[in-house]
Amino acid sequence: MGIRDILSSMFGLGRKQEFTPNETSKGGTVKKIEINPMTRLEGHGKIAIFLDDAGNVDDAFFQTVEFRGYEKFLQGMPIEEVPRTVSTVCGVCRGVHFLAAMKASDNVYGVTPPPTGRKLRELFYTAHTVEDHCVVLYALGFPDFVVGPGAPAGERNIIGLIQKVGADTGKLVLRKRSLAVKIFELLGGKPNHPVAALPGGWSKRLTEEERSQVEKWAEELVELGKLTMQVFDDVVLKNPEYMKLVTGDMFKVEVGHMGSVDDRGRVAYYDGTQKVIDASGKVVGTFQGKEYLDFIAERVLPWSYLKFPYNKKLGGWDGIKEGPDTNIYCVGPLARLNVADGMNTPLAQEHYEKFHSTFGARPVHYILGYHWARAIEMLNAAERCLELARDPEITGEDTWNQPTSCTGEGVGIIEANRGTLIHHYQTDQDGIVTRANLIVATTHNNAPINLAVKKAAKHFIKDGNVSEALLNHVEMAFRPYDLCLACATHTVTGGGTPLEISVYKPGGELYRTLKNF
């Protein structure tokens, strides 16, 4: 894959839509619209839209076309090396995989980090959340609003956004985000893939001089959070046309929600209890650790490398559907604000209250609300980062409890920036991994993403009228979930790797399609 392909996928610097006729089971033809590659996401995927004879959408699918397979090659690895290895799953999500695997390794060795070690982990996490949410909002989400959903594709990206807001504002955002990366590097040992993992704690102390510097940086991160909330307020909330999209049924997906809460019911990220609600908002239950197996089952379908989780407390697999009786659920910023009773910092709490008063009914099923919820969480993380930087215990000497035994199994659950992240490992008596299961945020969201893409496609594509701008509106249905397909693709179907081959005639006409599923 060349640099142009990577930039195209991440930032929308050009893409292609393929229009090809396909035979139907009844002998007729149906037009297939393929958005390939999907733009402004982490990883590589495509959207296939099928039109009926009238030119309206018959069906649409979000398909994951890459495969990573971390669950397999982690086998045989010492559990203490797993956090450093899984941080390489993705260059964006590296910190949360690192932490989830660390929590699992704590379980494997039956050891709990001391207070200072735990707070250093959370400080690391909060900085990571600020820089991650900042990238997602400004590079992947905001261009649809700041530049405009119907703007030319060559302008609807991070470069076009900076041109709209001005170079000085763009530089300000980039500089303040870089401070979050500095905190990440200071604590983790590297700016990208951290190395400070220890089962039972953290390998690096924070000196008083370093703490003072982190405090100054965190103060600027709070200012970045405030600025981001102001941008969202000015650009989206005060724009009636955009609010029609935000509160429109074309971007509404009615499924259940799952996220972590603390002992006061507030949003929790590093540690908490998983709270699960159904599509009507009724609490289905709560769980911690290995209890996730009582709630979550995973379905494998042959046309995607991404598994389809569902809530088995609400019944067996019943397909990809929405509505009050579905057992499909979503995770991430919107889900967290739906299951929680509030935020744990004052400024974020104010915006949490405004968020719910604006939408009214709970839970909120309008998926463009993910962008707003993400901005609130960014401010929340910055505030919490500052609180931890001012905590006297953060510079304590006791950062590690040394393991003395091996239990052979561990589960680490963390609220990753994209949603609930589960790492489950089984090991032998020496701590060598024998089995691994990773359920990543994008995996949880797989079925809702398919629902969102189909609903948007049906709304915006009518009578065969298809344009680049309309296809971008379809893509706007997946961007709120902040896809990371590099993280999420770990499974191969029982019959082997799914393979589809399209054979074309010399003139470019489709001759035949062959597939093994």
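Quick check on the stretch 47-153: take the gyration tensor over C-alpha atoms, sort the square-rooted eigenvalues as a ≥ b ≥ c, and tell me if it's rounded (a/c under 1.5), prolate or oblate.
In terms of gyration-tensor shape, oblate.
Given R₀ = 51 Å, what would the calculated FRET efficiency be for residue 510 paired with residue 357, taking r from the Cβ atoms and rounding to 0.05?
Efficiency, from the Cβ-Cβ distance: 0.45.
Tell me which cysteines of the chain come out unpaired when the rule is another cysteine's Cβ under 4.7 Å.
Cysteines of the chain left without a disulfide-compatible partner: 134, 330, 385, 406.
Rank the residues 278, 428 as a footprinting-exposure proxy: fewest other Cβ atoms within 10 Å of their Cβ go first.
With the sparsest Cβ surroundings first, the list reads 428, 278.
How charged is the neighbourhood of residue 429? Take every other residue with its Cβ under 15 Å from the Cβ of residue 429, and add Lys/Arg as +1 and Asp/Glu as -1.
Residues close to residue 429 contribute a combined charge of -3.
Take the Cβ-Cβ distance between residue 239 and residue 56 as r, set R0 to 35 Å, and report the resulting FRET efficiency rounded to the nearest 0.05.
E(calc), rounded to 0.05, equals 0.75.
Write down the percent of antiparallel bridges among all DSSP beta bridges whose residues are both part of the chain, to the nearest 5. Could you put the intermediate results ahead of the total?
Working: 58 of 62 bridges.
Rounded to the nearest five, the antiparallel share is 95 percent.
If we sort 61-71, 107-117 on the protection proxy, mean other Cβ atoms within 10 Å, highest first, what's the order?
Listed from highest to lowest mean packing, they are 107-117, 61-71.
Checking the table 31/454; 164/216; 244/458 against a 26 Å threshold on Cα-Cα, which pairs fail?
Violating the 26 Å limit, Cα to Cα: 164/216.
How would 372, 217 line up from fewest to most surrounding beta-carbon atoms within 10 angstrom? Show your work: numbers first, answer last.
Working: 372 27, 217 22.
Going from sparsest to densest Cβ surroundings: 217, 372.
Quick check on the chain: helices-only [θ] at 222 nm, where DSSP H runs of length 4 and up contribute -39,500 (n - 2.57) each and the sum goes over total residues. Nearest 500, please.
On the way: 17 runs with 193 residues, N = 517.
Counting only the DSSP helices, I get -11500 deg cm²/dmol.
Can you find, among 457, 258, 476, the residue sitting farthest towards the positive end of the charge dipole of the chain, where Lys and Arg contribute +1 and Asp and Glu -1 at Cβ?
457
Suppose every K and R has +1 on its Cβ and every D and E has -1 on its Cβ; what is the size of the dipole of the chain about the Cα centre, in Debye to the nearest 20? It would help to have the intermediate numbers written out before the result.
On the way: 58 positive and 63 negative charges, 190 e Å.
It works out to roughly 920 debye.
Order of 208-216, 89-97, 130-138, 467-475 by packing, highest average Cβ count within 10 Å first? Could the numbers behind the result be given before it?
Working: 208-216: 14.8, 89-97: 23.6, 130-138: 25.1, 467-475: 18.9.
Sorting 208-216, 89-97, 130-138, 467-475 by mean packing, highest first, produces 130-138, 89-97, 467-475, 208-216.
Among 291-297, 53-59, how do they line up by average Cβ neighbours within 10 Å per residue, starting with the highest?
291-297, 53-59
Taking other Cβ within 10 Å of each residue's Cβ, how do 250, 102, 243, 343 sort, fewest first?
Numbers: 250 20, 102 29, 243 14, 343 24.
Placing the least packed residue first, the sequence is 243, 250, 343, 102.
Please report the relative contact order for the stretch 371-517, taking Cα pairs under 8 Å with a sequence separation of at least 6, and give it as a percent rounded to a whole number.
Reported relative contact order: 14 percent.
Of 357, 347, 61, which is farthest towards the positive pole of the chain's charge dipole, taken about the Cα centre with +1 and -1 on the beta-carbons of Lys, Arg and Asp, Glu respectively?
61
Rounded, prolate or oblate: which fits the stretch 228-343, taking a ≥ b ≥ c as square roots of the Cα gyration tensor eigenvalues, rounded meaning a/c under 1.5, else prolate when a/b beats b/c?
Oblate is the answer for the stretch 228-343, as a/c is 1.5 or above yet b/c matches or exceeds a/b.
Sequence neighbours fewer than 8 away in the same chain don't count; with that in mind, list the aspartates and glutamates whose C-alpha is under 15 Å from residue 462.
Of all the aspartates and glutamates, those that pass the test against residue 462 - Cα under 15 Å, at least 8 places apart if same chain - are 52, 53, 58, 59.
Please compare each pair in 171/354; 103/455; 72/290 to a cut-off of 31 Å on the Cα-Cα distance and tell me which ones are over it.
Those over the limit are 103/455.
So I have (i) 24.1, 85; (ii) 22.6, 74; (iii) 24.6, 81, and one of them is Rg and Dmax of the Cα atoms in Å calculated from this model. Which one is it?
Computed from the coordinates, Rg and Dmax of the Cα atoms in Å corresponds to (ii).
How many nm separate the modelled label positions at residue 264 and residue 283, each set 7 Å beyond the Cα in the direction of the Cβ?
For residue 264 paired with residue 283, the spin-label model returns 1.7 nm.
Every number in this text was worked out from the coordinates using simple rules, so none of it is lab data. In this text, all values refer to a predicted model and were calculated from it rather than measured experimentally. All Cβ positions, even for glycine, are placed from backbone atoms using ideal geometry, and neighbour counts span all protein chains on display.
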